[in-house]
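Notes for the one structure printed next.
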Amino acid sequence: MGKRTEAIRWYNEQVEHHNKTVLEIKEQYRRDMAVYKQNVSNWQSELAAFETRQAAQHQRIEARKSAYQNHDADAVLDFCETVLMNSSYPTFCPRHFDCDYEPETKTLIIDYQLPAIDDIPSKKAAKHDRAQGKIVYTSISQSVINKLYEDVNYQIVLRTLFELFHSDEAKALVSVVFNGIVDTVDKASGQSIRPCIMSIQVSRSEFESINLKQVDPKACFRKLKGVSAAKLQALAPVAPVAQINREDKRFVESYGVAAGLDDSLNLASMDWEDFEHLIRELFAKEFASSGGEVKVTQASRDGGVDAVAFDPDPIRGGKIVIQAKRYTNVVGVSAVRDLYGTLMNEGATKGIIVTTSYYGADAYEFAKGKPITLLDGGNLLHLLAKHGHRAKIDLKEAKKDMASRSNER
């Protein structure tokens, strides 16, 4: 009986252990399934959000494509700037330009920065000198460099014209004006200068009749009635055939606000229009050292832009769109997405959001890897202090002020 009893006890223990193990496995399975279902739900939410963003992006692209095909001025300008930005050149070519489009005549005007003569590579060969224990370079003669400089610049003109006309499927360009600008130093005065050394206007029909494979670039430029000095390396300025009109109907007269700031002024409570002009004034000071300018847009027609900066710096510069958010709550990712869409539509090189409050983690995540800068209330106060102004940001006080104003109404 002892062995039988022991066997029964052992059996019951094994059954109990088995049942316990089964319950643990079931519980773990239940937890795993809950996690799995949550992960699936999260993935489905993220997929839905992605598809929504993708559909909105596709809609914007299709709308822009349709606008370009209908010869909308802004869309045509965006298209031409995209063509030029995607043109690959050697590193010594600046690849910096400014464009304008005249819808009445369907003419594109380009101010294109050409390389300076000092940018042309001057080394012909290199070899190791054992006796001196160093690399010895052989330089190209100045006459050859001068010839290369002319060849390069005349080819840049023809290539730019070709890429624009060839890419323009909507036939939005009847003619193109190319103004070749050089950033250099006047040897006589030591001052920085930006002479226009080449200028040409070419119609599509005129250009398409040329066989570019067999032309001499300089002779072709002359035949097309291009204007330039006899020797480009002399940097003799010529009068541009046409110039860019930098007026934008969205811009309004700006006024100063910063001078009236002090420690008692709560930026989060100030008039929204004053806040936009303050941001304009602040960035005007920030870009002043590089010769840039900042303009405020009309509130009713800004299309998501509160100010536009034009920075002439050839490396970091270009058109910069700025949004001013006088908020008391968190700035969400939707505002940053809107800025990115505006940036693309404006053909800008960078976008900046300035707020009196702060940004959510999703806003920072979306901005990663994009030409977008997010400046919160702390950054704004620091920027003001940098330019000699003081103010405060008190979100709680601003919320109370807004609530009391709402009750008074």
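The values are calculated or read from the model by the stated rules, or taken from the named source; none is laboratory data. What you are looking at is a predicted structure, and each value in this text was computed from that prediction instead of being measured. Note: ideal-geometry Cβ built from the backbone for every residue, glycine included; neighbour counts use all protein chains shown.
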Matching entry among LEU23, LEU47 (being more than 24 Å from the chain's Cα centre (by Cα), part of a helix (DSSP H, G or I) and modelled with pLDDT of 90 or more)
LEU47
Sort out which residues of the stretch 194-206 are charged (D, E, K, R) and in contact (Cβ under 8 Å) with a residue 24 or more places away in the chain, and write them in order of number.
ARG204
Can you tell me which residue among GLN132, GLN142, GLN113 is in contact (Cβ under 8 Å) with a residue 40 or more places away in the chain and out of contact with any Lys or Arg (no Cβ under 6 Å at 6 or more places or on another chain)?
GLN113
Pick out the one residue from SER209, SER167, SER139, SER143 that is in contact with a strand residue (DSSP E or B) (Cβ under 8 Å, 6 or more places away or on another chain) and of a type in the set (Ser, Thr, Tyr).
SER139
Criterion first (at pLDDT below 90 and farther than 20 Å from THR342 by Cα) does GLU102 satisfy it?
yes
Which members of the stretch 102-138 meet the condition of being closer than 24 Å to VAL83 by Cβ and in contact with an Asp or Glu (Cβ under 6 Å, 6 or more places away or on another chain)?
ILE109, ASP111
Test: residue in the stretch 73-95 that is in a loop (DSSP other than H, G, I, E, B), within 30 Å of ILE140 (Cα to Cα) and touching a Phe, Trp or Tyr at 6+ places or on another chain (Cβ under 8 Å):
yes
Looking only at the stretch 166-188, which residues are within 21 Å of PRO115 (Cβ to Cβ) and buried (at least 20 other Cβ atoms within 10 Å of the Cβ)?
VAL176, VAL177, PHE178, ASN179, GLY180, ILE181, VAL182
Restricting to the stretch 390-409, give me the number of residues that are modelled with pLDDT of 85 or more and either surrounded by fewer than 14 Cβ atoms within 10 Å (Cβ to Cβ) or in a loop (DSSP other than H, G, I, E, B) (or both).
5
Filtered residues of the stretch 75-110 (kept if small (Gly, Ala, Ser) and touching a residue at least 24 places away in the same chain (Cβ under 8 Å))
SER87
In the stretch 173-193, what count of residues is obtained for those that are part of a strand (DSSP E or B) and touching a residue at least 60 places away in the same chain (Cβ under 8 Å)?
9
Quick one: in the stretch 58-97, of everything that is over 18 Å from ASP168 (Cβ atoms) and surrounded by 13 or more Cβ atoms within 10 Å (Cβ to Cβ), which residue is modelled with the highest pLDDT?
ALA63
Picking from ARG95, ARG53, ARG31, ARG64, which residue would you name as being closer than 30 Å to GLY180 by Cα and not assigned by TED's automatic domain parsing to the domain that holds LYS147?
ARG64
I want to confirm something. Restricting to the stretch 143-159 and keeping residues that are of a type in the set (A, V, I, L, M, F, W, C) and more than 17 Å from LEU235 (Cβ to Cβ), which single residue is surrounded by the most Cβ atoms within 10 Å (Cβ to Cβ)?
LEU158
Which of the residues that make up the stretch 335-380 are within 24 Å of ALA75 (Cβ to Cβ) and in a strand (DSSP E or B)?
LYS350, GLY351, ILE352, ILE372
So which residues in the stretch 327-370 are touching a residue at least 12 places away in the same chain (Cβ under 8 Å), surrounded by fewer than 19 Cβ atoms within 10 Å (Cβ to Cβ) and polar (S, T, N, Q), if there are any at all?
ASN329, THR342, THR349, SER357
With (1) surrounded by 10 or more Cβ atoms within 10 Å (Cβ to Cβ); (2) at pLDDT 85 or above as the list, and LYS124 as the residue in question, which single condition is left unmet?
(2)
Given the criteria out of contact with any His (no Cβ under 9 Å at 6 or more places or on another chain), closer than 21 Å to LEU235 by Cα and β-branched (Val, Ile, Thr), does ILE140 qualify?
yes
Please pick out the residue among LYS65, LYS37 that is under 15 Å from GLY347 (Cβ atoms) and assigned to a helix (DSSP H, G or I).
LYS65
